[in-house]
Amino acid sequence: MSKTIDPKEIIYEQFKDESQMDRIMEIFASVLSEPYSIFTYRHFTIDWKHLCFNAMHNGKIIGSIICKAKQHKKHFRGYIGMLAVDDEYRRKGIATKLVLKSIEAMKTIQCKQVVLETEIKNKSAQALYFRLGFVKTKRLDNYYLSGEGAYRLKVWI
Amino acid sequence: MSKKNTDQNQETHQEKEIEKEKEKEKEKEKEKEKEKENQKEEKIEKKEQPKSPFNKEIPSDIFDEPKENWEDISKVLSTATSELKIGQMVHKEIFILDMLMTVPDIGVTKMDAGVFRDPNELYSIDQTLGKFPLEKIEADQVLGVMDKLFCAQMTYLMGENIAQTMYSCFYLQYLDKIECDLLKQFCLISLKFCSIVRTLILTSSIHQEGEYFIATNLGYNYMDELDVNQILPIITRYEKRIKKDLKESKKKEKENEKENEKKKEKEKENQKDKENENEKKSEKEKENSKVYLDISIDLTKIDFQTFLKSLLCRIIFQKRIVQYLLVKKTQLSNFKQFLNESLMQLQSIISTNKYCIKNVLGFYTDINRRKISPPAPIKKIELLTFEKATELYQQIGKELLVLCEAPKTLNLKTKNLKFNRLQLSTFFDEFNKKSPNILSRALISLIFFDEDGFYGGNKLRELIMDNVVNYSFVDKSFLNEKPIKQLGEALEEPILKFFLTLCNNRGRSRRNLSNLFENWEIYVQHGTSLDHMIILKKMEKIGLFEKIVRNIPKSTQSNRNLLDNAQLKIALHRPISSWMLDISSEYAIRYIKSGFELDLFSTFEYGSIYWYLSYLYLIKWQSNQAVKTIQSEYRKYELRNEMKSIKKGHDFNTQPSSNKRKGKGKGKGKGKGKGKGRSKQTQKSKLSQIRKKIKQEGNLIQERTTENNFKFLYQLISTALTSSFLAFETIGAITIPENSKIHFASREKIFQRRIASVSKIINSALDYQKFKKANNIGKASAESFFKQAITAFDQALNIQKKLQQKVSQLSENEKLELNVLKKVIFTNKISLKLASDMHSQNKKYTIEPRFDLHKVFPTISVK
């Protein structure tokens, strides 16, 4: 069940340090179907700390976005690795705000595109990204360990 | 006892005690020395053991020998890590986080396939000895193992790894311990099948498809070093042996039957029923079991002949599936023969599967989970059931039979590259609709294509040059010029790659096309520059260059007249560019269509994408028509030249008709006489024939070929859909993300990016602004869009009817396509009329485009 809270109570902060890692991993493990090792989280948060954001409520992390960026052909390209919001805090635009935060941060480092993958069946995630201007550019079959396929979404910023 | 004696006794006793004490002391000293030595050793050991980098001491029992295979090191870890800061890691010098992303977390059930779920489960092959029979294997177990290995092979073809499929069989891991050599050879040949499949896939055009096939061995041996020509003769020997034994068994059975009949007669005479029955009983008891090739057969469960037949069909099946994969391309008849035999043997396997043991011993898919090498964490899998495995093989068999037949049905020996392209692309499109297995798709590229070109056909290089000739209307000798030849050679690879993309699955095919377009752009530019060279040569040849130069000072009107000149048309025709545009537009259309097939486009994009698609069809259709016109003009040009030469050749013979009647005369010309009249007749008839041909050429240009009609039909449907979606957008029935405040990319940007790769090869100036202008966006009303759409659908329906009238000339696929398109047109017309009416009544509604009927052109339902 979704909690009733005032959106102003949600604070969005850049990722701080490893002390937040347990909570972040807990949220992602409960939401995402694909398992990730701690090295995956560290890969993103150590080198691209400035692109990773948490949504906080009463000092507790309730949502997180993990991103990175690197050179791709002629441009610098941002990549959204993971996005998740605690079940109780869904449908409050938190995920959208986290994505906006990360894309704004990517713009400051001259990214021209942002990409991500999402499960073919995950219509709600796709709807979120479509509202922001993302479009499907590739279909990747058998992408996940479960055998499910994925769409590559992209936005030109 | 005397005092002396007692004293002496006391002394000896004391001495003994002293000695004992001394011995004890010695022992104590020895013990002390031992302790000292032990302490020294301990010290030495302690010195050799790594020092703790931390201040706290390491628990002392850490260096004791472990009692079990697994040791709880939680204490050690917590001690060692207590001084680390948050986020700090202990690692080697070379440490890259990026590479470690694929490493599984040990103990996490989602990632670590080796996590114990049940303490009774087997986790290592070493534990399996004794748990499955290696000697004196029962017949039902042997048959069960053979069928389970077949299931493992099919699971492997479904894209699972070798470690969890073939090597889930313990027999493969204990080959040397198997008593039954036949079973051993069977295991080897079944593994060899997988090895050959892997090689085929890696050498084919679809080798990149890791999502459908795991080619890595994950630390397990495919036995590539084992030559299949060593195993096949052994299998053949067993096959012959079993066949021979089966024959003999049948003979014996017949003989036994005869003997039994004779005995029965004797029994009646001698009245020895009881004795004979006893004899029979004892004989039966003797024949309850049998050992054959180290296999124990329980004859109460399966009779000997049935067992031999069961063995035989399985052996022959494995042999055949290996043989047809090894067949050379030029021996497709052998391929087909072996394939058919394998399908036949499969039926026998299915009918004898009931004799297999129910729970086959010696298989476990997770047995290797701790041994599988990285990078990917291995998920838990199950082998296909026997029913599903047989279904899969039968499906693959059908696909491969289609491939065998194709070189016969397709006329690849023609010199018409365009025709070949059309044939092959149609064939592959149909073939790929049913999502064929990766093995079938690997064999497409290996059967149909080789280094030179198409199977059984002409070399691709020759085909390319021939087609350029057809488009050029110049002397063939001109095409021997170096730059033209070089282009022909250079084009071989990209054109072959265009074909090979058809063998890939849809997603990868689209990605490959996009990559090919980047290179193709360079060839198009090169082709254009060569065209200029050809034009100059042609104009020189027909003396037009001088004409143009002379006419330059004159008005544009006269130049326009000059441009109507057929000769100029032919001369200015750009052969290489137009030929490459034909290919480019075909693959551009394919690329855009694949976007719909893969559901990559959003509804708000449909208007612009269908508009672009309609233009591509128009370009294709127009380029075909232009080439046809030029070809026709060229033929007319040649016919006119022929007429001229006929007329010139008989100029001296032109006399009034009176001369003809007389048959004599003092005319100007020579060669008079009776023959002259007849030569004039032949002249006239020739000239009239040529005039007829010229007229026919004109009619031919007007007629559209079936191919062009289809292109025109697609173009009209695309136009209709453009207007339809623009109408819905105008009304607000389609959500436009651009309208939201938080939107990053405009529709214009999205559209430009979508067509970016195609624009490189089509070289047209189509952009979003042109789309807006062409469709009067922002100005036109929804009503006008509805009207345009319905009109376009009506026009499409007319073309559909024209094609329907010539349905006998269409292929089966074309007929099906035509029927589907008819339904699409009708459904959409009705939906549009309904939507238009509802709009006029200010009623709100939503629309849902559905691609159930046709993958590219949706039916629109109005709700």
So how many residues does the range B:791-811 have that are surrounded by fewer than 16 Cβ atoms within 10 Å (Cβ to Cβ) and in a helix (DSSP H, G or I)?
-> 10
So which residues in the range B:210-251 are among the β-branched types (Val, Ile, Thr) and either within 14 Å of chain A (Cβ to nearest Cβ) or over 26 Å from B:GLY159 (Cα atoms) (or both), if there are any at all?
-> B:ILE214, B:ILE234, B:ILE235, B:THR236, B:ILE242
Within the range B:193-226, residues among the β-branched types (Val, Ile, Thr) and in a loop (DSSP other than H, G, I, E, B) come out as B:ILE206, B:ILE214, B:THR216
Residues that are over 37 Å from the mean Cα position of the chain (by Cα) and more than 12 Å from every other protein chain (Cβ to nearest Cβ), drawn from the range B:724-742 = B:LEU726, B:ALA727, B:PHE728, B:GLU729, B:THR730, B:ILE731, B:GLY732, B:ALA733
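Looking at A:THR40, is it within 11 Å of another protein chain (Cβ to nearest Cβ), open to solvent by less than 20 Å² (accessible area, probe 1.4 Å) and more than 13 Å from the chain's Cα centre (by Cα)? If you could, list the steps in order and put the result at the bottom.
On the way: within 11 Å of another protein chain (Cβ to nearest Cβ): yes; open to solvent by less than 20 Å² (accessible area, probe 1.4 Å): yes; more than 13 Å from the chain's Cα centre (by Cα): yes.
It is true that A:THR40 is within 11 Å of another protein chain (Cβ to nearest Cβ), open to solvent by less than 20 Å² (accessible area, probe 1.4 Å) and more than 13 Å from the chain's Cα centre (by Cα).
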Failed item, numbered, when B:GLU633 is tested on (1) within 27 Å of B:ARG511 (Cβ to Cβ); (2) acidic (Asp, Glu); (3) open to solvent by 10 Å² or more (accessible area, probe 1.4 Å) | (1)
Given (1) more than 18 Å from B:TYR714 (Cβ to Cβ); (2) surrounded by fewer than 16 Cβ atoms within 10 Å (Cβ to Cβ), B:ALA782 misses just (2)
Somewhere in the range B:113-134, is a residue crowded, with 17+ Cβ neighbours inside 10 Å, more than 14 Å from every other protein chain (Cβ to nearest Cβ), more than 22 Å from the chain's Cα centre (by Cα) and more than 30 Å from B:TRP70 (Cβ to Cβ)?
-> no
Note on the range B:495-526: residues under 24 Å from B:GLU430 (Cβ atoms) and away from chain A (no Cβ under 14 Å) are B:ILE495, B:LEU496, B:LYS497, B:PHE498, B:PHE499, B:LEU500, B:THR501, B:LEU502, B:CYS503, B:LEU516
Any idea how many residues of the range A:144-157 are over 26 Å from B:SER746 (Cβ atoms) and within 7 Å of chain B (Cβ to nearest Cβ)?
-> 1
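Test B:LEU832 against the stated conditions and say whether it is within 29 Å of B:PHE604 (Cβ to Cβ), not small (Gly, Ala, Ser) and not in a helix (DSSP H, G or I). Write out each step before concluding.
On the way: within 29 Å of B:PHE604 (Cβ to Cβ): yes; not small (Gly, Ala, Ser): yes; not in a helix (DSSP H, G or I): no.
Answer is no for this residue.
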Pairs where the first residue, in the range B:743-764, is within 11 Å of another protein chain (Cβ to nearest Cβ) and in contact (Cβ under 8 Å) with a residue 60 or more places away in the chain and the second is among the β-branched types (Val, Ile, Thr) and part of a helix (DSSP H, G or I), C-beta under 9 Å, 6+ apart | B:PHE751/B:ILE609; B:ARG754/B:ILE592; B:ARG754/B:ILE609
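Is it fair to say B:GLN788 is away from every other protein chain (no Cβ under 14 Å), buried (at least 19 other Cβ atoms within 10 Å of the Cβ) and within 29 Å of B:THR846 (Cα to Cα)?
Details: away from every other protein chain (no Cβ under 14 Å): yes; buried (at least 19 other Cβ atoms within 10 Å of the Cβ): yes; within 29 Å of B:THR846 (Cα to Cα): yes.
Yes: the conditions hold for B:GLN788.
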Single residue of the range A:80-138 satisfying the filter (buried (at least 17 other Cβ atoms within 10 Å of the Cβ) and acidic (Asp, Glu)) that is farthest from the other protein chains (Cβ to nearest Cβ) | A:ASP86
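So which residues in the range B:127-177 are in a helix (DSSP H, G or I), closer than 24 Å to B:ILE350 by Cα and acidic (Asp, Glu), if there are any at all? Reasoning before the result, please.
The initial filter retains those residues of the range B:127-177 that are in a helix (DSSP H, G or I), namely B:127, B:139-157, B:166-168, B:170-173, B:175-177.
Filter once more, keeping what is closer than 24 Å to B:ILE350 by Cα: B:139-157, B:166-168, B:170-172.
B:ASP140, B:ASP147, listed by residue number.
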Pairs where the first residue, in the range B:621-646, is within 23 Å of B:GLN683 (Cα to Cα) and in contact (Cβ under 8 Å) with a residue 40 or more places away in the chain and the second is buried (at least 16 other Cβ atoms within 10 Å of the Cβ) and among the aromatic types (Phe, Trp, Tyr), C-beta under 6 Å, 6+ apart = B:TYR634/B:PHE473
Within the range B:666-699, how many residues are modelled with pLDDT of 65 or more and either of a type outside the set (Val, Ile, Thr) or in a loop (DSSP other than H, G, I, E, B) (or both)?
-> 18
Could you grab the pairs with beta carbons closer than 7 Å, sequence gap of 6+ or different chains, first residue in the range B:574-603 and assigned to a helix (DSSP H, G or I), second one of a type in the set (Asp, Glu)?
-> B:PRO575/B:ASP531; B:ILE576/B:ASP531; B:SER577/B:ASP531
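The values are calculated or read from the model by the stated rules, or taken from the named source; none is laboratory data. Because the structure is predicted, anything quoted here is derived from the model rather than measured. Cβ atoms come from the backbone with ideal geometry, glycine included; neighbour counts cover every protein chain shown. Ligands, DNA and RNA are stripped out before the accessible areas are found, and what is left, the full protein with its side chains, is counted by its heavy atoms. Shrake-Rupley method; radii C 1.70, N 1.55, O 1.52, S 1.80 Å.
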